[in-house]
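No value in this document is a laboratory result; all are computed from the given coordinates. Quantities reported herein were computed from a predicted structural model and do not represent experimental measurements. We place every Cβ from the backbone using ideal geometry, glycine too, and count neighbours over all the protein chains shown.
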Amino acid sequence: MIPEIGHFALILALCVAVVQGSLPIYGAAVGNSALMAIAKPAARAQFLLILIAFCSLGYAFADKDFSVLYVAATSNSQLPLHYRLAAIWGAHEGSLLLWTFILTLWMFAVTLFSKHLPETMRSRILGVMGLVSMGFLLFMLTVSNPFERLIPAAPDGRDLNPLLQDPGMVIHPPMLYMGYVGFSVAFAFAIAALLGGNLDAAWARWSRPWTTVAWCFLTVGIAMGSGWAYYELGWGGWWFWDPVENASFMPWLAGTALVHSLAVTDKRGGFKVWTVLLAIMAFSLSLLGTFLVRSGVLTSVHAFATDPKRGLFILAFLAIVIGGSLALYAWRAPRVGLGGSFAMVSREGMLLANNVLLVAAMGSVLLGTLYPLFLDALDLGKISVGPPYFDSVFAPLMAPAIFLMGIGPFAQWKKAELPELARRLKWAFGVSVVTALVLPLVMGKWTPLLSLGLLLAIWIVTTAVVGLRERLAHADGPSLSGRVAAVPRSYWGMLVAHCGIAVFIVGVTMVKGFESEQDVRMNVGETATIGGYTFRFDGTQDVVGPNYTAARGTFHVSWDGRETTILYPEKRRYPVQNQIMTEAAIDPGLLRDLYVSLGEPLDDGAWSVRLYHKPFVDWIWGGCLIMALGGVLAVSDRRYRLAWRQQEPAVVPSARTVRRKVA
Amino acid sequence: MKPRHKRFVFIGLGLLALGVATVLVLNAFQSNLVFFFTPTQVASGEVPQGKSFRIGGMVEDGSLVRENDGLTVRFSVTDTAKSVPVTYKGILPDLFKEGKGAVAQGQLGADGTFIASEVLAKHDENYMPPEAAEALAKAKASGAQQSKSLVVPQGKKESL
């Protein structure tokens, strides 16, 4: 019964979405405010309906209702409750529901925080989002319904893929989707602006916080996915340039470009057309990413052929969204007009370079990800594009972008003088170069890449320090703390996010430069030494988990004869899917991770064992979190709150002036 | 400079950046594409010498031998028509089993042994790497094999 309620809620939501996607947009076109007023209640109703559907599916999982096909396919009676609930987004159908749920969540947020928007704008934004959700609901209801019944019911479920039975996997998809779908708000703003034909600076200011929040979620989501791969796959790698990862990275690159281009549109009114294009791009890539990962096309292009309806729907949907918005763009963008002119050496110029580089990097990732799929689809042979391709393309494109990142914040808008920039930054540059050259030597190993990585990281931090000093010197306020408070939060946000990149680069550089790994055969009582740490293998014992059995190894780790930690890696066997899983044991630390995973059992209780010493690896994810923190700081800036407050009582101007005086 | 000239300079720089990126990409592409071959193709000498490529198929039953160091393994990958001996030093993935699909990446040694630098087998009991499934399907299609017991599992929906 409950699953039917969910199914019915989806159908109702589709009806609401049709109304929300048509009437308010039409109303905005003809100036009918009664039609426009439908948008807000419709969006809220849709949120409520999808919430009901989502909870129904959750209930089916909690209740172990194996008469629901999706529940039977992705869970099992032995599976603990929290993983049963996480199994909602464990496969294709449920993750589409999660996607739609998050879309309506963002819609709901737009209805809450859009009092300051003109009514035509708001109704167009909600209308566009309604159209997107209409597409997803149609998809779910026609070809991938999570509530489909299995009659007769299965006696037990097929269980969630053991790889996904992990706390990281519980939170990673919702975070990632918050990011993906968050770009739909930026997209809807862009389409609404195109429809209305008024892309002024106000438009950029309104959509900036939304974009930044989405970007923060996406950053954290990707970092969590990478961290999950690191500890769960047992290979010690943190990024494989796997198509699944690339699918989430491409929207991030486009979104990063968008965040920067919006800054220009907001502050200077420039790059308008480009910003709109980036907003379309970021969302299109999010859609592409969702479908790439969830449609099975990556496993085999021919999976499309086994289920042609799904494939066709996906292709048609992508074609309509991307093609439609680009057509609208081609039609309306010329009216938007260009922003003010600027010299090549100026903040606009630097941000433009940043955008070109980011988009070029995104394009190269796109090529490397899709090209093998195209070849395969056309039966031209099977190839794979390995990590060396991405490494060799990505690093040269990003290095200049990161170098410019240090200079950009110092350049004035419109026109900056190179000699003056050089004068302000010469100390930062000198310190960076010297440290980058000397530091690797002190650490005992010098390679060009090591130096380059450190150079870029130190360059970001030193320029940030110089910039902050200049800011504080010019800020008014008698005391230091007063001056610190006078520096706007958005500036802090930028500094913090940029420093996050620096932390990230340190992590990557140090891991690449100094990590060591060893595959060894270890008898009970035998020791192996790696990175100065001695690992003693004390044999394995059998343990029983809720839905698995495991061999658990014991490793005593010591440094200089003193015990550091004891690690317990496991080799698990999940009987339902008859699957073996390596559960690595990690001793994390600020300066290094120690990582042990069990290979295979050999004779006499010996095992093949994989040992890693990974210096600074946690800085990689730490850097991502710091970036996201920077985004949060930027969003909390006073100017956005002011923008919201200012226009709120647009009808009663007297009340507004009063409130301002009080404030 | 007039604004129009400036715009030309900008567009020029943009194109230059794109050009550089294209050159980088194509260069890297050419040197890093990894092609896939079936054991039959390996046996008939269609594979590149001294270049890394992938082979795929089933791990032949009874072919897995572990050397005394506990890490070096030898096995044969077959598409049921031909089989290729493979050596690999390292820890095999969790789902590597005799009679299951596997894909190996590496180079062909002088003695015809494939020296794998990487062995892939996915984390799913019924899942067969698409390359391996294709190798088997191809061999089957060419009529080169007579085995009746061969079942090529359907590529299951990846749940990642």
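Identify, among B:V119, B:G45, B:S76, the residue whose Cα sits farthest towards the positive end of the charge dipole of the stretch B:36-141, taking +1 on the Cβ of Lys and Arg and -1 on the Cβ of Asp and Glu, with the dipole about the Cα centre. Sorting the options by dipole projection puts first B:G45. Shielding by partners for peptide B:89-97, expressed as the average number of C-beta atoms from other protein chains within 10 Å of each residue's C-beta, is 5.
Net charge of the neighbourhood of A:H172, taken over other residues with C-beta under 13 Å away and scored Lys/Arg +1, Asp/Glu -1, is -3.
Which entries of A:K512/B:K51; A:K40/A:K272; B:K100/B:K138; A:K382/B:K97; A:K40/A:K115; A:K272/A:K414 have Cα-Cα distances beyond 19 Å here?
Distance filter (> 19 Å) returns A:K512/B:K51; A:K40/A:K272; A:K382/B:K97.
Here A:R469 and A:S67 are evaluated by their C-beta separation; at R0 = 60 Å the FRET efficiency comes out at 0.35.
For the pair A:L591 and B:L16, a Förster radius of 45 Å applied to the C-beta separation gives a FRET efficiency near 0.60, rounded to the nearest 0.05. Multiplying the residue separation of A:R638 and A:I5 by 0.36 nm and removing their Cα-Cα distance gives an extension gain of 223.5 nm.
Measuring between their Cα centroids, the stretch B:1-78 and the stretch A:1-78 lie 44 Å from each other. Need the C-alpha centroid separation for the stretch A:393-457 versus the stretch A:224-284, integer Å. The distance from the Cα centre of the stretch A:393-457 to that of the stretch A:224-284 comes to 23 Å. Modelled spin labels at A:R335 and B:S117, positioned 7 Å past Cα toward Cβ, are 5.6 nm from each other.
Among residues other than A:K614 whose Cβ falls under 9 Å from its Cβ, what is the net charge (Lys/Arg +1, Asp/Glu -1)? Summing Lys and Arg as +1 and Asp and Glu as -1 gives -3. Under 16 Å from a point 7 Å along the Cα-to-Cβ line of A:K415: which residues of the stretch B:1-34 have their amide N that close? Answer for this model: B:1-7. Size descriptors for the stretch A:552-600, from the alpha-carbon set: Rg then Dmax equal 13.3, 44 Å.
For a test of the definition: using alpha carbon positions, the gyration tensor, and the 1.5 limit on a/c, classify chain A as rounded, prolate or oblate. Spell out each step's value before the answer.
Numbers: a/c = 1.89, a/b = 1.12, b/c = 1.68.
Since a/c reaches 1.5 but b/c is at least a/b, the shape of chain A is classed as oblate.
Segment A:T447..A:S479, full-extension length gain: 7.0 nm, with 0.36 nm per residue of separation and the alpha-carbon distance subtracted.
Note on B:21-30: average number of Cβ atoms from other chains within 10 Å of each residue's Cβ is 6. Within the straight-line cut-off of under 14 Å between alpha carbons, the aspartates and glutamates reachable from A:K64 are A:D156, A:D159, sequence neighbours fewer than 8 places apart in one chain being disregarded.
Remark: mean inter-chain Cβ contacts per residue of A:598-605 equal 3, using a 10 Å Cβ-Cβ cutoff to other protein chain atoms.
Using equal-weight Cα scatterers in the Debye expression, the normalised intensity of the stretch B:36-141 in log10 at q = 0.14, 0.23, 0.24 Å⁻¹ is -0.46, -1.29, -1.40. Using θ = phi - 60° in the Karplus curve 6.51 cos²θ - 1.76 cosθ + 1.60, the 3J(HN,Hα) couplings for the stretch A:80-94 round to x, 4, 5, 6, 5, 5, 5, 5, 3, 10, x, 8, 4, 4, x Hz; x is entered for Gly and Pro. Only alpha carbons enter this Debye calculation for the stretch A:436-533, each as an equal point scatterer, and the log10 of I(q)/I(0) it gives at q = 0.21, 0.25 Å⁻¹ is -1.01, -1.20.
Pairs of Cα atoms under 8 Å, at least six residues apart: use those to get the relative contact order of chain A, whole percent.
So the answer I get is 12 percent.
Using the average count of surrounding beta-carbon atoms within 10 Å as a protection proxy, the listed peptides A:74-86, B:21-33 rank, highest first, as A:74-86, B:21-33. Proximity of backbone amide H atoms, modeled 1.01 Å from N, is registered between A:N76 and A:D159, A:L160 at under 5 Å, excluding neighbours fewer than 5 places apart on the same chain.
So what is the relative contact order of the stretch A:348-472, in percent, for Cα pairs below 8 Å that sit 6 or more residues apart?
Reported relative contact order: 26 percent.
Rounded to the nearest 20 debye, the dipole magnitude of chain A is 3420 debye, with +1 charges on Lys and Arg beta carbons, -1 on Asp and Glu beta carbons, and the Cα centre as origin.
In plain terms, the chain from A:D242 to A:F113 could stretch by 42.7 nm, reckoned as 0.36 nm per residue minus the Cα-Cα distance. Rounded to 0.05, the FRET efficiency of the A:Y371 and A:V438 pair, given R0 = 35 Å and the Cβ-Cβ distance, is 0.25. Computed from label points 7 Å out along Cα-Cβ, the spacing between A:L404 and A:V431 is 2.5 nm.
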